[in-house]
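Q: Starting off with a structure, shown below.
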Amino acid sequence: MALLSISLGLAAAGSAAPAAKRSLQVLTTRAAEQPTVEHFPTALAAVEQVLRTPARVLAFGEYHQTTSTAAIRSSLSRFADEILPALARSATDLVVETWVSTGACGVKEAKVNREVQTTTQRPAETENEIVTLLKRAQAAGIEPHILAMSCKDYRYVTDQRGRTDFVRMLRLTRQHLQAEVMRCLAKPPTQAGQAHRVVAIYGGALHNDLHPSASDKPYAFGPTLSAKAEGQYLEVDLFVPEYIASDRRLAGEPWFRLFLQHRGAQDALLIRRSERSFVILFPPSRPLDAGAEAAGSKP
């Protein structure tokens with residue numbers, strides 16, 4: 001069996017054109033608030049600041065690592081090493097945006113999985129990092145969860161020409177993530193003194209959007225899960241600065257100018273987009289200047 005990431009590397013394409021040949025990255029519209037920025041010595045310190053806000057759902061999103069950025073440490077590995085221990089004090093569950101390929105669904109399963117791997121361009125090490133995250137969550141007393149893809153699901157995301165429809169894949173991923181989180185929230189708490197379960201999610205920085213653009217709404221569980229959690233929902237995007245430094249689409253986000261203004265800092269940045277929507281930028285692995293190219297960004 002192999003673990004496969006879904007939109008840990010996918011984001012909404014503008015149309016249903018053949019997505020396997022396209023760059024699929026994050027494009028969203030945030031709440032109309034003036035973003036602010038704070039500096040912290042570590043990403044963990046920034047996360048701990050965010051966690052002061054009460055939440056039942058902690059939705060972490062990443063800008064994915066590709067083979068072209070394999071030399072720069074991924075957000076996924078940093079989350080497992082640096083941030084997961086802080087969640088152990090409150091989180092009861094961790095839902096990770098990945099599924100297991102069993103081979104039970106034949107040719108369609110094999111083709112979809114192959115095309116997902118090709119499109120996301122994830123390094124081979126990503127699978128090991130996902131396994132490490134799941135194991136560490138369990139060791140920390142956080143119940144890990146992954147998604148289940150049925151044969152019906154594989155048929156749904158395969159178009160009439162036998163190719164993977166990535167727009168359908170994004171919708172299906174949102175549905176599975178949303179359903180799994182709701183199942184977790186409905187279960188009784190496991191920790192003494194807790195009134196309810198606290199569910200963390202780790203996946204791509206699209207589905208967790210609290211304020212999605214009109215075009216992204218079909219792929220975002222943020223508004224629905226926020227309502228389910230009675231407003232106690234946090235969107236936290238975790239970005240490796242080298243990955244996003246020259247991304248032209250993210251450059252249209254209101255918060256991005258703050259990143260550019262503070263990109264010379266060697267500490268972590270916490271950008272508040274709204275009361276419950278945040279960007280955390282890890283300290284850079286190398287100095288970033290105004291002309292720097294992001295090793296993994298795509299136009």
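The values are calculated or read from the model by the stated rules, or taken from the named source; none is laboratory data. As the structure is a prediction and not an experimental result, all values here were calculated from the model. Virtual Cβ from ideal backbone geometry, glycine too; neighbours counted across all protein chains shown.
Q: Just give me the residues in the stretch 17-47 being among the small types (Gly, Ala, Ser), modelled with pLDDT of 50 or more and part of a helix (DSSP H, G or I), in sequence order.
A: Residues of the stretch 17-47 among the small types (Gly, Ala, Ser): 17, 19-20, 23, 31-32, 43, 45-46.
Filter once more, keeping what is modelled with pLDDT of 50 or more: 31-32, 43, 45-46.
Those that are among the small types (Gly, Ala, Ser), modelled with pLDDT of 50 or more and part of a helix (DSSP H, G or I): 43, 45, 46.
Q: Kindly indicate whether residue 246 is surrounded by fewer than 17 Cβ atoms within 10 Å (Cβ to Cβ), at pLDDT below 95 and polar (S, T, N, Q). Quick ask: steps written out before the conclusion?
A: On the way: surrounded by fewer than 17 Cβ atoms within 10 Å (Cβ to Cβ): no; at pLDDT below 95: yes; polar (S, T, N, Q): yes.
No: the conditions fail for residue 246.
Q: Restricting the stretch 97-112 to residues that are within 14 Å of residue 156 (Cα to Cα) and charged (D, E, K, R), which is surrounded by the fewest Cβ atoms within 10 Å (Cβ to Cβ)?
A: Of everything passing the filter in the stretch 97-112, 111 is surrounded by the fewest Cβ atoms within 10 Å (Cβ to Cβ).
Q: Could we say that residue 75 is among the polar types (S, T, N, Q) and closer than 26 Å to residue 240 by Cβ here?
A: Working: among the polar types (S, T, N, Q): yes; closer than 26 Å to residue 240 by Cβ: yes.
For residue 75, the condition - among the polar types (S, T, N, Q) and closer than 26 Å to residue 240 by Cβ - is met.
Q: Now for a separate question. Please give the strands (runs of 3 or more DSSP E) falling wholly within the stretch 48-148 in which 1 or more residues are of a type in the set (A, V, I, L, M), modelled with pLDDT under 85 and closer than 22 Å to residue 177 by Cα. Walk me through it before giving the result.
A: On the way: elements: 57-62, 93-101, 143-147.
In the stretch 48-148, 93-101 are the strands (runs of 3 or more DSSP E) which contain 1 or more residues that are of a type in the set (A, V, I, L, M), modelled with pLDDT under 85 and closer than 22 Å to residue 177 by Cα.
Q: What number goes with the only condition from (1) at pLDDT below 95; (2) in a helix (DSSP H, G or I); (3) surrounded by fewer than 16 Cβ atoms within 10 Å (Cβ to Cβ) that residue 213 does not pass?
A: Among (1) at pLDDT below 95; (2) in a helix (DSSP H, G or I); (3) surrounded by fewer than 16 Cβ atoms within 10 Å (Cβ to Cβ), the lone unmet condition for residue 213 is (2).
Q: Can you tell me which residue is modelled with the lowest pLDDT among those in the stretch 149-189 that are surrounded by fewer than 18 Cβ atoms within 10 Å (Cβ to Cβ), under 24 Å from residue 87 (Cα atoms) and basic (Lys, Arg)?
A: Of everything passing the filter in the stretch 149-189, 187 is modelled with the lowest pLDDT.
Q: Now for a different question. Please state which one of 177, 258 is hydrophobic (A, V, I, L, M, F, W, C), more than 24 Å from residue 33 (Cβ to Cβ), part of a helix (DSSP H, G or I) and in contact with a strand residue (DSSP E or B) (Cβ under 9 Å, 6 or more places away or on another chain).
A: Details: 258 fails: more than 24 Å from residue 33 (Cβ to Cβ).
That would be 177, the only listed residue that is hydrophobic (A, V, I, L, M, F, W, C), more than 24 Å from residue 33 (Cβ to Cβ), part of a helix (DSSP H, G or I) and in contact with a strand residue (DSSP E or B) (Cβ under 9 Å, 6 or more places away or on another chain).
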